[in-house]
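Take a look at the structure below.
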Amino acid sequence: MNKLTVDLAAFMRDYWQKKPTVLRGAYAPFVDPITPDELAGLATEEQVESRLVTFADGKWSAQHGPFEDYSQLGESHWALLVQATDHWIKPVADLITPFRGLPNWRIDDVMISYSVPGGGVGPHIDQYDVFIIQGSGSRRWRVGSNTPAEQFVATPGLLHVNPFEPIIDVELQPGDILYIPPGFPHDGYAITEAMSYSIGYRAPNQQDLFSSFADFLLQEDAGQLRYADPDRELTNEPGLVSAKDVNDIRMLMQSLLQDEQFFSAWLGTQLSQAKHELNILTSDEWDLIPDELIPALEAEDELYRLGGLRCLYFRALPDVCFVNGEKMQIPEGGQELAHLMCNSTVLTLENLQPYLDNPVLVEWICHWFNQGYWYLASDAEE
């Protein structure tokens, strides 16, 4: 298994959301958790988001998958990019494990890029944090400073940035990591055939948040409190919206944001919603019943959490947790279990032993399983 050799506390203090850096050998020796052929196969699936970016005769092209045939491509200047591979391949999802000191809601997905020599997506800016882990092969990366830069459409679906002066110019080898905060222009291309694994961290903007909050108000039929002004005084400037009026209306709106429970209920549904398709498989034939769970765990089986699944909880809402955009009621006495299931990606008999004498909690674990949110390791191997 790949292991991370980085002092994350020091990294967070010195680099996180501050400046880009190269972490040499941080994930070395590194073994690719997926082959290029397997990645190409994943890109044939309708529910998997993929892109093929090429550069030929001075022109960029970006196509969206699924892709059935790669035979028309040459031996240089193209790249296959597949989003949310952690949702489909457990060894890829395991790459995130050493980074779990960062909260789950900040994790977006693991994007894998397979590039032939010269292949890349061109100079661009991302608005999220990313750890780019170099797998097999080597890539050259240039990163500029986060000064204002003009962006333009190089081709439909591909936004580029004007040339920049690099503050980092390196060749990454297997196990090296390049960290880039939001807003820093960067450009990478393969020197040899190369696999790269980008662990991205979401950062919602105000527009996204307010739009989602407004939708939640409508969904919950909330926010019905109307503006009132019983102490209104006469004015000789009827065209003026006074500072008091502005403040009163602002306070009316803020009262919803300051309602801790209501705000947390919205935020839970918003932040736990997966951005990409999940590999949820459910069937009546696979339903797990309590009498089967304990023997499986006693046989040293393990429960794995579905890749990409977001499970969150709030101190302000002790009786619920949020899973894949839905609020889930926690059964009585199950708060510690709910937190364990939100915080963990693997559960064993030892982890679950304190709860297995409670039939309600065992039933609840089985409910998570039958929703497709957890699965037995033995099932995955079959």
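Just a few scattered comments:
- Of the numbered criteria (1) free of Cβ contacts under 8 Å to residues at least 60 places away in the same chain; (2) assigned to a helix (DSSP H, G or I), the one Pro331 fails is (2).
- Test: residue in the stretch 272-283 that is farther than 29 Å from Phe213 by Cα and either under 15 Å from the mean Cα position of the chain (by Cα) or surrounded by 15 or more Cβ atoms within 10 Å (Cβ to Cβ) (or both): no
- Whichever residue in the stretch 6-24 is at pLDDT 95 or above and in a loop (DSSP other than H, G, I, E, B) and, among such residues, is surrounded by the most Cβ atoms within 10 Å (Cβ to Cβ): Pro20
- Highlighted here are the helices (runs of 4 or more DSSP H) found entirely within the stretch 222-305 that include at least 2 residues which are modelled with pLDDT of 95 or more and touching a strand residue (DSSP E or B) at 6+ places or on another chain (Cβ under 9 Å): 260-271.
- Top-ranked residue of the stretch 335-382 - restricted to ones that are small (Gly, Ala, Ser) and more than 22 Å from Trp105 (Cα to Cα), ranked as modelled with the lowest pLDDT: Ala380
- Hits in the stretch 306-328 (condition: within 20 Å of the chain's Cα centre (by Cα) and not in a loop (DSSP other than H, G, I, E, B)): Cys311, Leu312, Cys321, Phe322, Val323, Glu326, Lys327
- Candidates Glu49, Glu38, Glu75 - the one that is at pLDDT below 95 and in the same structural domain as Pro166 (by TED's automatic domain parsing): Glu75
- Exclusive hit being surrounded by fewer than 22 Cβ atoms within 10 Å (Cβ to Cβ) and touching a residue at least 12 places away in the same chain (Cβ under 8 Å), set Ala93, Ala79, Ala84, Ala56: Ala56
- For the stretch 125-174, the candidate set comprises residues that are hydrophobic (A, V, I, L, M, F, W, C) and in contact with a helix residue (DSSP H, G or I) (Cβ under 9 Å, 6 or more places away or on another chain); within that set, the residue that is farthest from Ser196 (Cα to Cα) is Phe131.
- Residues in the stretch 102-145 that are under 16 Å from the mean Cα position of the chain (by Cα), touching a residue at least 24 places away in the same chain (Cβ under 8 Å) and in a loop (DSSP other than H, G, I, E, B): 4 in all.
- Qualifying residue in the stretch 205-220 (condition: free of Cβ contacts under 8 Å to residues at least 40 places away in the same chain, touching a Leu at 6+ places or on another chain (Cβ under 6 Å) and of a type in the set (Ser, Thr, Tyr)): no
- Given (1) under 29 Å from Asn324 (Cβ atoms); (2) surrounded by 10 or more Cβ atoms within 10 Å (Cβ to Cβ), index of the condition Gln224 fails: (2)
- Scanning the stretch 255-264 for any residue that is under 19 Å from Lys327 (Cα atoms), surrounded by 15 or more Cβ atoms within 10 Å (Cβ to Cβ) and of a type in the set (Gly, Ala, Ser) turns up at least one such residue.
The values are calculated or read from the model by the stated rules, or taken from the named source; none is laboratory data. Everything numeric in this text was worked out from a predicted model, so none of it was measured. FYI the Cβ positions are ideal-geometry reconstructions off the backbone, even for glycines, and counts take in every protein chain you see.
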